[in-house]
C-alpha cells in the first residue's frame with residue numbers, strides 16, 4: 001500500500017497524467033498527452049518510462065477510473081508499477097527484437113479478446129524461450 005511519502009512520490013510523478021485525463025482539456029488524445037507528460041517527468045528524474053500495451057488497457061482504464069470516481073489510488077499504483085516493470089524488461093535497442101518480444105508477451109492483443117480468453121500481459125521472463 002502506498003502511503004505517506006509514497007503518496008507524495010505518486011503526486012509528483014503522475015499528477016500531470018492524472019490531471020490531463022481527469023480535466024480532459026482536448027477533444028481527443030487526452031490519455032496519450034497525459035502519458036507523454038508523465039513519461040517526460042519520469043525521464044527528467046532518471047526513471048524508466050511507462051508504456052501501456054494495448055492488451056493492458058482493461059487494467060489501466062479501470063484503475064484510472066477508480067482514482068477519478070472514488071479517490072482509490074492503490075489500483076493505479078499497482079497498474080503503473082507493473083507497466084513500468086514491463087517497459088523496463090524490454091530491450092528497446094533492437095526494433096525487430098523488441099517487436100517480437102511485444103508480440104510474445106501479448107502486448108498487441110485486443111484487450112476484450114484477451115479478457116474472453118483469459119490471456120494477460122506477460123513479463124518477458126514468464127514466456128518460454
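All of the numbers you see were taken from the coordinates with simple rules; none came from a lab. Treat the numbers as computed from the prediction; the structure is a model and nothing was measured. Heads up, the Cβs are rebuilt from the backbone with ideal geometry, glycines too, and the neighbour counts pull from every protein chain shown.
The table below gives the values:
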item: Nearest-ten-degree value, helix 74-88 long axis tilted from longest Cα axis of the chain; result: 40
item: Chain lengthening between residue 24 and residue 44 when straightened (0.36 nm per residue, less Cα-Cα); result: 4.8 nm
item: Nearest 10 degrees, 0 to 90: helix 57-70 Cα axis against the chain principal axis; result: 10
item: Additional length obtainable on full extension of the chain from residue 93 to residue 37, 0.36 nm per residue less Cα span; result: 17.9 nm
item: Sequence of 36, 52 once ranked by neighbouring C-beta atoms within 10 Å, starting from the fewest; result: 36, 52
item: Angle between the chain longest axis and helix 95-104 axis [Cα atoms, degrees, rounded to 10]; result: 90
item: Under the Debye formula (equal points on every Cα, no solvent term), log10 I(q)/I(0) of the chain at q = 0.10, 0.20, 0.22 Å⁻¹; result: -0.34, -1.28, -1.43
